[in-house]
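Structure first, then comments.
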Amino acid sequence: MDAVLYVRETVLKFYKRYEGISAFAFKLIAGIFIFAWVGGIGYVQGNLKFLFDSALFLPFLLMMAVLFAVLPPVLANLLVILAAALQLSALPELMILVFALLLCVIIFYGRMAPKKSFLVLGILIGFYFRIPAAVVIFAGLYAGMTSIIPVAAGTVIWHIKPVISDIAVQLATNRAALPPAAEEFDIMQMPANFSDIYRMLFDGISADYTWLTQSFVFALVIVAVYVISRFDFDRAKEMAIIAGGAVNIICSVVVYFILSRKIGFAGTAVSSAVSVLLMFPVRFLDSVLDYKNAERVQFEDEDNYYYVKIIPKMFLKKEDES
């Protein structure tokens, strides 16, 4: 056990010594994946095409990732939104609609809880690596019940991206078929264009409710992890992690079975299992408790009785100095 605790202590000392550099590196890597995902919307036209569809994309990606790492949370999220909007600059109506929808996430939630708003990006990274349950379990364990909102927002954004890409391609195709004079931007046509885009967006979203069912399942996982982790029994947090993976598998199967939709059970099970395994090292680095030496203490004052459960933390045994 001492060897394991030694590894833990070494990792924590390294992180504390280089906390600033480590945080910057983590944000930089996260930014690279986020902007790479945003850069895959699938439609880039107009004057800004050279940024996304040429050898300049890699320097542009790194520059945006560095800015993402150094900016405050709200501005970092806004930078992601701007990157998504830039790709749709050749379709002003769609660009404005996408920008407005994503901006609502920052205005209505990001400003109230900027730290938790990073869960929106976290769940996107989780989907990117096919382990979204790891982010969901982490949210339930450390961010509480309010994390349901950013997790649901990220899930919706992930599933809406293909719809946006299809709409962009369809709009570009329709405009390419128009006479040259009709292709010019006309502000008087914007209301009608907004109406068409809204209809296409609604049709695309309503064609597949996976975004809704998956958000519902993730909400159940967060509730289960949060509640179980606060029970008064030994290793409650570890059991909450396992329960989160189990709830994700069971609820996914039940929901998709009720809706008569196909589900890759093997993929869901493997993804949940990997997510659970990834969360145990996180929990281990968070704290290690010595349940064998736990004890309960009772004391009172003039108004109340107090019952306290004391669980000592486990530390590396230090040899006595001679």
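Throughout, read-outs are computed from the coordinates displayed, never taken from laboratory work. If you're wondering where the values come from, they're calculated on a predicted model, not measured in any experiment. Every residue, glycine as well, gets a Cβ built from its backbone with ideal geometry; the counts of neighbours run over all protein chains shown.
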A correct fewest-to-most ranking of Asp234, Asp301 by other Cβ atoms within 10 Å would be Asp301, Asp234
Subtracting the Cα-Cα distance of Phe108 and Tyr198 from 0.36 nm times their residue separation yields 30.3 nm
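Please arrange Phe33, Phe68 by counting, for each residue, the other beta carbons lying within 10 Å of its beta carbon, fewest first.
With the sparsest Cβ surroundings first, the list reads Phe33, Phe68.
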R0 = 30 Å: FRET efficiency of Ser22 with Asp166, Cβ-based, nearest 0.05?
0.15
Prolate/oblate/rounded call for the stretch 203-261, Cα gyration tensor, a/c under 1.5 rounded:
prolate
Which FRET efficiency, nearest 0.05, do Phe299 and Phe231 yield, Cβ-Cβ r, R0 35 Å?
0.90
Could you give the dipole magnitude of the stretch 56-179 about its Cα centre, charging the beta-carbon of Lys and Arg +1 and that of Asp and Glu -1, in debye to the nearest 20?
220
Using only the Cα atoms of the stretch 112-151, build the gyration tensor, take square roots of its eigenvalues as a ≥ b ≥ c, and label the shape rounded, prolate or oblate: rounded if a/c is under 1.5, else prolate if a/b is larger than b/c, else oblate.
oblate
Using a basic spin-label model with each label point 7 Å from the Cα along Cα→Cβ, how many nm lie between Met145 and Tyr307?
2.3
Got a sec? How would Leu102, Leu119 order by Cβ neighbour count within 10 Å, fewest to most?
Leu102, Leu119
Spacing of the two label points (7 Å from each Cα toward its C-beta) at Val70 and Val282, in nm:
2.9
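For a quick protection proxy, order the peptides 204-212, 129-137 by their average other-Cβ count within 10 Å, most packed first.
The peptides rank, most packed first, as 129-137, 204-212.
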For Leu289, enumerate residues with amide H under 5 Å from its amide H, sequence gap 5+ or separate chain, H modeled in the peptide plane.
Met314
For labels at Ser206 and Asn174 in the simple 7 Å Cα→Cβ model, what's the distance in nm?
1.6
Dipole of the stretch 191-322, positive end: most advanced residue of Ile241, Ile258, Leu278 [Cβ charges, Cα centre]:
Ile258
